[in-house]
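The values are calculated or read from the model by the stated rules, or taken from the named source; none is laboratory data. Owing to the predicted nature of the structure, the values given are computational and were not obtained by experimental measurement. Quick note on the areas: whole protein, heavy atoms, side chains included, nothing else; ligands and nucleic acids left out. Shrake-Rupley method; radii C 1.70, N 1.55, O 1.52, S 1.80 Å.
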Amino acid sequence: MNILYATISISLYFIIVLIDIQKCQSQSNIYNNDENKVHFVMETFDQNNEIKERYQLYYNYTTYHFNDYNYYYNLANIKYSVICYYEDIEKSNSEKDILVLWNTSIYEKYHSSIFYANAFPIFYNQIKKKKKK
């Protein structure tokens, strides 16, 4: 009975290890996909409409959030931000697809606005697909 139990335990262990290895490989394939290498730029502006900071945003298509989302969630003193595809940043606003996020919460906190930024990469991909047609 103990040998049977040990054999089953070892077999289950190897199955779990194989499943974990497959998960890791599929995760690495997700990040090797060109769509997931696409990154975006977010410029933040203060109360005087002066640019405060420019951030490089990388989107995770598994979690549907930007990497370092918690960092952006905790930004402060932002009136609004503009997000666009990184190759479009130097174009005029009429030439690029952008998302303007007005900070609708208290000026010192940005958490209620950055939540909506996570939808921009999906929106951008849909626009890109329509333009190809």
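Go through the stretch 64-71 residue by residue and turn each phi into a ³J(HN,Hα) via Karplus (6.51, -1.76, 1.60, θ = phi - 60°); whole Hz please, and just put x for glycine and proline.
In residue order, the calculated couplings are 6, 9, 6, 4, 6, 3, 4, 5 Hz.
Of Glu43, Glu90, which has the most accessible area and how do the rest follow, probe 1.4 Å?
Descending accessible area places them as Glu90, Glu43.
Can you list the residues, at least 5 places off or on another chain, whose amide H is less than 5 Å from the amide H of Tyr110, using H built in the peptide plane?
Leu75
For the stretch 57-121, what class follows from the C-alpha gyration tensor (a ≥ b ≥ c being the square roots of its eigenvalues): rounded when a/c is under 1.5, otherwise prolate if a/b is larger than b/c, else oblate?
It is oblate, given that a/c is not under 1.5 and a/b is not larger than b/c.
Taking 29 Å as the cut-off for C-alpha to C-alpha distance, list the pairs among Lys52/Lys96; Lys79/Lys130; Lys79/Lys131; Lys79/Lys129 that go past it.
Lys79/Lys130; Lys79/Lys131; Lys79/Lys129
Can you list the HN-Hα couplings for the stretch 124-130, worked out from phi with the Karplus curve (6.51, -1.76, 1.60; θ = phi - 60°), rounded to whole Hz and with x for Gly and Pro?
Going residue by residue, I get 4, 4, 5, 5, 4, 5, 5 Hz, with x marking Gly and Pro.
On a full-extension model of 0.36 nm per residue, what is the gain between Phe115 and Asn74, subtracting their alpha-carbon distance, rounded to one decimal in nm?
Here the segment from Phe115 to Asn74 would lengthen by 13.6 nm.
Provide the solvent-accessible area of His65, counting protein heavy atoms only and rolling a 1.4 Å probe, rounded to the nearest 10 Å².
60
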